[in-house]
Structure formats: C-alpha cells, structure tokens
Amino acid sequence: MDAARWEQVQALFHAAADLPLEAREALLHERAGSDAELRAEVAALLVEDARGHALLDGDRASLARQVLAPSGALPTTRFGPYHLTRLLGEGGMGVVYLGEREDLGSVAAIKLLRDAWLSPARRDRFESEQRTLAQLNHPNIARLYDADALPDGTPWIAMEYVDGVPITAWCDARQATVPERLRLFRTVCEAVQHAHRHLVIHRDLKPSNILVTAEGQVKLLDFGIAKQLDSLDLPADQTQTGLRLLTPAYAAPEQIRGGRTGIYTDVYALGVTLYQLLTGRLPFDLADKTPEEAARIITEEVAERPSSAALRTHAAPARIATSAAWADLDVLCLTAMHRDAQRRYRTVEALLRDVDHFLAGEPLEARPDTVGYRVGKFIRRNRVPVLASAVALVTLATLVVFYTVRLTRARNEARAEAARTQRIQRFMTNLFQNGDESTAPGDSLRVVTVIDRGLEEAQSLAEDPALQSELDITLGVLYQQLGKYERADSLLRAALEIRRRVLGPEHPDVATAQVALGELRLKQARYEEAEENIRSGLRLARRTYPTGHPAIARATSALGQVLVERGAYDSAVPVVESALQLYAQDTASADYASALSDLANAHFYAGHYPLADSLYRRVLGSSRRLYGDRHPHVAEDLSNLGQIQQMLGTYTRAEEYYRQAFDIAKAWYGLNHPETASYLTMLGRSLLFQNKWDSAHTALSQALAIQEQLHGPDHPEVGNALNELGSLAWQRDQLDEAERSWTRVVDIYRAAYGEKHQFVAVALSNLSGVYQQRKQYGKAEALLREAIGIYSETLSPEHVNVGIGHIKLGRVLLRSGRYAEAVEETSHGYDILIKQTDPAVSFLKAARKDLVAAYDSLGQPEKAERYRRELADTLAPARK
C-alpha cells in the first residue's frame, strides 16, 4: 500500500469512526463508490476499532508483549530497490534484514526502526545514525547506501552488508600472533580516527561492532548512539537515555557515571577491545553482577595487567610474546583504558603512534603510573594542608629527579624525546599556567629561587643542545608567567637559535620555539613581531606536524590572540574558531577553555556583548571545575565579565567582578605583577564611574607605578592606567593634568597598535574633552571626527564606543551653536546606546540633556519634552 492510498484509507476511517452503524454504511458507499477494496479495508479497520483493544488500553504485561515482541510479519518486503530475503538480527534500535537489488545483483543490510511512533528519542537516534554514516567515507567503516521511510512512516536505511565475525573471534579462530592482532587493531584505530576527524565519536565500540571478513578486512559498524563532538557539552542527566544502550563491559567510567563524553571515551573502548584481543578475556568480570555492582567495579577497580591475565587464561598470544614485549603491552593497553580520562591517550592518533612504536621495537611514549603520580593524586586530595609547606620542596624535588632521570636517558634519543615531552611540558609548564592548584601560589620567593637554580643547571647542559633548548623554553615560559620578561626573552631567543642551528630551520621543534617567542612578544606588546613569529611557527607546524597535532592548535590559538590585540576582530573570530575545532576532541580540557576565552575576547572587543558574556560564563565554569575558585584563570574570567558590565554601564557589578579578580591575583602573584596591576586599573575605572574619586585615584596611581616599574614607560598597560587617571583629572577639572595624561596615552597606543585601532580612537575621544572644556571647539571636533573615522574602520556600526563618539561630537556641536547637526549626532549615538546599556548610564543622561537643549534652541519643545521626561525618569531613583 503506497502513502497516497494509506492516507485515503485513514481519511475515510476517521470520517466514519464516530458515526452510527447505519450512517457508516451510507458514508462508505458514498465515498468509496465502486472501489470495493477501499470499502473493505476501511470496514476491517472499523471492526477492529469496535473491539476496543487499543494498545494502551490493555494491562502492562500485554502492552510489554506487544511492544517488545519480535518484529513478526512486515507490512512489505520491498524497501526501495531492495527486496528482503532473510532476517540478519534484532537489537534495541531495530531489526536488520538482508536485502537484494535485482537490478544490480548487489546486497545490503536493511535496518528499520520498529515502533518509531513509540519513542521520539529512538527515532531521533535512528536519524542521527543516518546523518552520521552519510558523512563518513572510509574503507573500514560500513557505508550508507540509501534511506527512506515506509508508507506508515517507519524509517529504514540501507547499509553496506558485512559478512564477517567479531574481531576477537576472527583472531582466535586463526590463532593470530600479537603483531597480527595489533596490525588488525591498528586498522580499527584508523577508522575511529577518521570518524573523530569528522567530529563524530562512536561511543559504543566493542568487538561485535568491529567485524572482520574472511579476507581479513575490518569494518566498523553501528553508529546508533554516536555523537557529534559539538553536541557533547550537555548536562549529565541528558545522556542517561543513551547510557542504557551501552554494553557496560566496554563503557568508560565517565559514561557509567553519566558524565561528559569525548574522544577519550572511544579511546577507553579501544583499550578494552585491545585487552580482550591480547588476553582472551574482558578486564572486569561483570557476570551475574547488578548494574550498581558493575558500575562500582568499572569506576573504582583497576584491571589486572594484560600480561598476567593472558598467562592465567592460557591465551594463545601469551605463549608467543616475550616478557619484555608484554611489559610494553601492559603500558599501552592500560594507558588506553585508564580510569582517569586525563591519563589516557589524548587522541586515537597518540594510541596509534604507540602501537607503531611497539611494532617497530621502539620505546613507547606512554609511561606507567609511578609513585610520583600517586603522590600527586594524594596532594590534590589534600591540597589545603599540604600546599603552604610543600610547594617549594615539590618543585625542587621534581627538578632534581628530572635532571637525574633525563641525563641518564639522554644516551637513548628515542627515550629522551618521550621523557622531554612527559617530564617538562606536562608538569613544569602547567606549574604556573595550566597546572594543579596544589602547585600555587607563585608569589613565593622560594619558588623563584628554585627556578633560578633550574636555570643555572640548564646552562651546564651544552653537551645536549636539544635538552638545553627544551629547558630554555620551559624556564622561559615560567619566567614569562612570573612577569620576568627580560629573563624569558633571553631564554626563548637562545632556544630558537639552538634549534635552528642543531636541528635545521625546517624541524618541527623550531615551530614550537617560534610560537613560544611570539607569545612572549604578545605580552611585551610587540605585536608586529608577535604576529610574525606566530605566523611563521604556524606555517612550519602545518608543514612538519601531522594534522591535528597539539602544536598546530596552540599556534592557531596564539595567532587568534594576536589578531584580537591588534584590533582585527573579524579576522580573529574564524582563526579562534579553527583553534576550538582542533581542541574539540576534549571540550572539558584547559586548552578548549582557553580557546573559548579567546573567542569571547574577540566578540567582546567587536561589541557583541551578550554573546561574549555567555562565552565568558562558560569559560568561568570550566576554569572553576579545572582549577578551583582561587586560580589566575578564574581571576581572568571574572575580570572579563567585569568589563562587559562596565561597558553596559552597571558599574557596581563591574566593581564586584574586578575586586574578586584583583584579590585572587594578589594572593597568587603578589602585588607587583602585571596581571595584578591590570585588575587594579580596571577596579579603579569602575570606581571612577561611580564618582568614588579618592578610592579610584589610589587604585589607579598604584597600578600605574607597578606597570611602569615592570614594563617601562611606553607599554599599553601603562597607557590603560594613564587613560583612567586622565579621566579622573578631567572629572576634577584638572585640565592640564588630563591633557598630559591623554596626550601620552595617544602616543603609547599609536606606537603599540598603529594608527587604526579603537584604543587610539578612545584616547583621541577622551583628549577632545579637554578642548571642549576650554571651549576650543574646533580642536575638539577634529579629534572626535578622527576618532569616529577610526571606529568606522575597525568596529561595527552598533558598537558602544561608536555611540559614545557620536554623543560627544553632538555635545561639541551643541556648544558651538550648531543645533541641527548636534541633534543628528547625539540622536545617532543615543539610538546605539539605548539598545545595549543601562538607561541610567552617564552617556545616555548626557545625551538626553543635550537633546533637550538642542530641541529647545531649535524651537521644537514637543521633541524636547520627550527627553526631558526620560531624564526625569532616570534621575528619580537617585532622589529617593
């Protein structure tokens, strides 16, 4: 029965169902006419309806039997060009049949969703699987051929039919050796990696979904609960339905707990599959266990080493592999299926590299859990009592252990490379940037002393230039985090020179050194050099690293930061979004949060305040989850939220955010640090706009002194503090002081950013206020028109600063007696601000006053009255 025919039957049935018997007969004869078959079909439906046995009218047992019983007879055996021949299998998502195409003589697996009407969620998952398969084109992933729906709405898809057996059964039947199993497993990893590159995670990897044909070809099946990476950032309770579809033995701990999933979830399932391939058994015995018991075992217990499990179960591979090989296999397998997602291979590519290392007889990049790791976990659990007394000792001990271990391993280049990556980059850089709360705060002189000692040690490693350059970069980044830019500069330049000389200009390590130096230049406000170094490093990284390498992501993120600082917001947004895409394998990671913060910065400076506010709040939540409530990253996020409130005119809320940020930075870094001073500047600005002049002067003067001491007289951070001090002097009618401050700010910003930057326009706009007060209206107008011209080239027409510029120009024109022009400019600025800011913000109050005066002067009192009433409304709360 086709869809049109079914609709005809349905329409006539519903028309007749509620009529008396006599009226039904008459209606059927009238509507069906000579179509006896139509009349018979509707009559049969009416008879069934009269029996009153609707599905939901029965008891629960009857309902369950009808819903969960095998599929039974199909309404048709024809699915598009396919004719069904036999049942292949049934599962929770539907039924799979073998279908043949008579025209081509080919076969396909026809999967249809039973009872699609019963669960919209199941239908959504079925359609999601269809969309997922449509975008994956890989020789080791079963392909999608066709998709449609039956006349009754039942959806179906035609997929590549795989005549194979689970990978474990295939290997066992052939008594495959460990290398053979690993090579087959490697093919599985490549297929999963392909899905990840298309932002799809499988979430249900297991041997029954990994079939191998008689010819030895691997095929990955069943993307029924796959997810797009960009849809994974959901509350845990939204994933529970999907969890019921999982096979617990292969589910990662985060899936069992209902937490967020990511690439690391598929890595875990691959680890379990590898464990089973190597040992002939699963890592955990969940037989006869309740769901609660199984969940506890998976999330709390540690699996037996594969080497021990294989020997105990007498698996065939155990008799072939050597004990030395098994030691590496233990590390490889247990790293992939580590309970802590952060301790697993971060990507399938990393897992593949270690499989290749093993097959080539090379050292693995992964390392087994050590005593140091377990001690670190203890410290993180007890960080409050341990922190104060342990930070210097832990740092010094780590350095000593590192040098001892590192120099011993320097004889073996492959092991040296792995040790550098694991020991230096992961721990030491994270110490002050992305590390644990237990390693802070950094204002202790003991920590600086330890790093200075590390620098002395590094200078003695000339016989190992590769190691020396790695340490130079690490220590350079640490000095940069401490605000010691001169020391950082010499170390990072030296590291870049060593790598170019020893490794050659096209080595990937040169790219990381260039990017590190560029990031320092960014902090030094040497933006042109920063962009040049980072772009050069990014180009080299793309040429020399594999696609998706973390070094490429870091360089891309750094380029986005430079573009934001240089005011190229439209260019920055796609670059930062590209970095986010590269970090999307783990949306709960620090790198992803950092890139998200960069994106929020770009939107903030472009004037997209609601979007920026939403992004900053997401970043703040991530930072608190990753680091706790008293970390510098949290301070940065709070400060960013404060800036939005400042721009929207809610100054008391801005002050709250700035105070929290300042307190965190002061406790972490101490007062004499650039970040602390920056938050102090922002705090002073919020106080200034609340007319708390004395408090603002104290904060801003202190911030200026710190920034000049750290950066010298010409850094943009010095300009930021001076800009607010100029505003304070102007408020106090100290025009000469305001003019000196703002003139200096213009020069600082021009030197740092160039002529076409919104910060330069802000400084010009402020300086115009001095000349307006002195009634030098020509000078004031010229500066404001120059500022508005810069805004028009660098910002959107609806940006708050554009509105402020027009309001200021309108006031100058009003004072010049050019009332019609004043109305035009002031109204333009008013219309921009009223849509975005608090109605009581000072610039809107000033605009209303000026519009009242201008309209009165033009003899248009009715128009003046509108703004007079609005002005009274905004002033009324202040009089109560």
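The values are calculated or read from the model by the stated rules, or taken from the named source; none is laboratory data. This one's a predicted model, so the numbers in the text were calculated from it and none came from an experiment. Because the Cβ atoms are built from the backbone with ideal geometry, glycine has one as well, and the counts that use them run over all protein chains shown. SASA here: full protein model, heavy atoms, side chains in, ligands and nucleic acids out. Shrake-Rupley method; radii C 1.70, N 1.55, O 1.52, S 1.80 Å.
If you go through the range 817-824 one residue at a time, do you hit one that is under 21 Å from Pro861 (Cβ atoms) and of a type in the set (Asp, Glu)?
Looking through the range 817-824, at least one residue is under 21 Å from Pro861 (Cβ atoms) and of a type in the set (Asp, Glu).
Arg625: modelled with pLDDT under 90 and either of a type in the set (D, E, K, R) or not in a helix (DSSP H, G or I) (or both), yes or no?
When the stated conditions are applied, Arg625 passes them.
So, in the range 194-208, how many residues would count as being open to solvent by 10 Å² or more (accessible area, probe 1.4 Å) and closer than 12 Å to Tyr264 by Cα?
2
Quick check on Ile644: is it in contact with a Lys or Arg (Cβ under 7 Å, 6 or more places away or on another chain), at pLDDT 90 or above and not basic (Lys, Arg)?
It is false that Ile644 is in contact with a Lys or Arg (Cβ under 7 Å, 6 or more places away or on another chain), at pLDDT 90 or above and not basic (Lys, Arg).
Name the single residue, out of those in the range 234-263 being assigned to a loop (DSSP other than H, G, I, E, B), modelled with pLDDT under 75 and open to solvent by 60 Å² or more (accessible area, probe 1.4 Å), that is nearest to Val619 (Cα to Cα).
Pro235
Hey, among the residues in the range 505-521 that are under 25 Å from Asp586 (Cβ atoms) and buried (at least 22 other Cβ atoms within 10 Å of the Cβ), which one's farthest from the chain's Cα centre (by Cα)?
It comes out as Asp509.
Select from the range 172-192 the residues that are over 16 Å from Leu332 (Cα atoms) and basic (Lys, Arg) and list them in ascending order.
Arg174
Pairs, please: C-beta under 7 Å, at least 6 apart or cross-chain, first residue touching a residue at least 12 places away in the same chain (Cβ under 8 Å) and in the range 599-627, second open to solvent by 30 Å² or more (accessible area, probe 1.4 Å) and assigned to a loop (DSSP other than H, G, I, E, B)?
Ala606/Ser796; Gly607/Ser796; Gly607/Glu798; Tyr609/Gln836
Residue pairs, Cβ under 8 Å, 6 or more apart or interchain, first in the range 279-293 and surrounded by fewer than 16 Cβ atoms within 10 Å (Cβ to Cβ) and basic (Lys, Arg), second at pLDDT 85 or above and not in a loop (DSSP other than H, G, I, E, B). List them.
If the second residue must be at pLDDT 85 or above and not in a loop (DSSP other than H, G, I, E, B), the pairs left are Lys289/Ile297.
Please name all residue pairs, on different chains or six or more residues apart, with Cβ atoms under 9 Å, provided the first residue is in the range 529-551 and is open to solvent by less than 30 Å² (accessible area, probe 1.4 Å) and the second residue is aromatic (Phe, Trp, Tyr).
Hits for this filter: Ala551/Tyr545.
Return only the number of the condition from (1) touching a residue at least 24 places away in the same chain (Cβ under 8 Å); (2) under 18 Å from Arg685 (Cα atoms); (3) part of a helix (DSSP H, G or I); (4) open to solvent by 60 Å² or more (accessible area, probe 1.4 Å) that Arg785 does not satisfy.
Only one criterion is unmet by Arg785, namely (2).
Taking Arg818 and the conditions (1) surrounded by fewer than 16 Cβ atoms within 10 Å (Cβ to Cβ); (2) without any contact (Cβ under 8 Å) to a residue 40 or more places away in the chain; (3) farther than 24 Å from Gly607 by Cβ, which numbered condition does it fall short on, given that it satisfies the others?
(1)
Of the residues that make up the range 665-673, is at least one in a loop (DSSP other than H, G, I, E, B) and among the hydrophobic types (A, V, I, L, M, F, W, C)?
So far as the range 665-673 goes, yes, one or more of its residues are in a loop (DSSP other than H, G, I, E, B) and among the hydrophobic types (A, V, I, L, M, F, W, C).
Looking at the range 259-286 only, could you name the residues that are within 21 Å of Ala584 (Cα to Cα) and of a type in the set (A, V, I, L, M)?
Within the range 259-286, Ile263, Val267, Ala269, Leu270 qualify.
How many of the residues in the range 698-719 are surrounded by fewer than 24 Cβ atoms within 10 Å (Cβ to Cβ), of a type outside the set (Gly, Ala, Ser) and in a helix (DSSP H, G or I)?
Residues that pass the stated criteria total 10.
For the range 479-495, indicate whether the set of residues that are on the phi < 0 side of the Ramachandran plot, outside any helix (DSSP H, G or I) and open to solvent by 60 Å² or more (accessible area, probe 1.4 Å) is non-empty.
Yes, the range 479-495 contains at least one residue that is on the phi < 0 side of the Ramachandran plot, outside any helix (DSSP H, G or I) and open to solvent by 60 Å² or more (accessible area, probe 1.4 Å).
Among the residues of the range 532-546, is any within 25 Å of the chain's Cα centre (by Cα) and assigned to a loop (DSSP other than H, G, I, E, B)?
The answer is yes, given that some residue of the range 532-546 is within 25 Å of the chain's Cα centre (by Cα) and assigned to a loop (DSSP other than H, G, I, E, B).
Need a quick list: strands (runs of 3 or more DSSP E) entirely within the range 132-172 having at least 3 residues that are without any contact (Cβ under 8 Å) to a residue 40 or more places away in the chain and more than 30 Å from Leu274 (Cβ to Cβ).
144-149
So which residues in the range 161-193 are within 34 Å of the chain's Cα centre (by Cα) and either open to solvent by 10 Å² or more (accessible area, probe 1.4 Å) or among the aromatic types (Phe, Trp, Tyr) (or both)?
Correct list: Arg183, Leu184, Phe185, Arg186, Thr187, Glu190, Gln193.
Among Ile807, Ile788, which is the only one that is within 36 Å of the chain's Cα centre (by Cα) and hydrophobic (A, V, I, L, M, F, W, C)?
Ile788
Pairs please, first residue from the range 69-90 and closer than 19 Å to Gly105 by Cβ, second anywhere and modelled with pLDDT under 75 and open to solvent by less than 50 Å² (accessible area, probe 1.4 Å), Cβ atoms under 9 Å, 6+ apart in sequence or on different chains.
Leu84/Thr76
Residues in the range 143-167 that are over 17 Å from Asp222 (Cα atoms) and touching a helix residue (DSSP H, G or I) at 6+ places or on another chain (Cβ under 8 Å): how many?
Number satisfying all stated conditions: 4.
Is at least one residue of the range 331-347 over 30 Å from Thr547 (Cα atoms), part of a helix (DSSP H, G or I) and either open to solvent by less than 20 Å² (accessible area, probe 1.4 Å) or modelled with pLDDT of 90 or more (or both)?
Among the residues of the range 331-347, not one is over 30 Å from Thr547 (Cα atoms), part of a helix (DSSP H, G or I) and either open to solvent by less than 20 Å² (accessible area, probe 1.4 Å) or modelled with pLDDT of 90 or more (or both), which makes the answer no.
Given the conditions (1) in a loop (DSSP other than H, G, I, E, B); (2) more than 23 Å from Arg685 (Cα to Cα), report the number of the one that Ala840 does not fulfil.
(2)
Based on what the data block shows, is Ala572 open to solvent by less than 20 Å² (accessible area, probe 1.4 Å), of a type outside the set (S, T, N, Q), within 23 Å of Gln524 (Cα to Cα) and assigned to a helix (DSSP H, G or I)?
It is true that Ala572 is open to solvent by less than 20 Å² (accessible area, probe 1.4 Å), of a type outside the set (S, T, N, Q), within 23 Å of Gln524 (Cα to Cα) and assigned to a helix (DSSP H, G or I).
For a quick check of your reading of the model, give me the residue pairs whose first member lies in the range 742-759 and is in a helix (DSSP H, G or I), whose second is among the polar types (S, T, N, Q), with beta-carbon atoms closer than 8 Å and at least 6 apart or on different chains.
Trp742/Asn723; Trp742/Asn766; Val745/Asn723; Val745/Asn766; Gln758/Thr794; Gln758/Asn801
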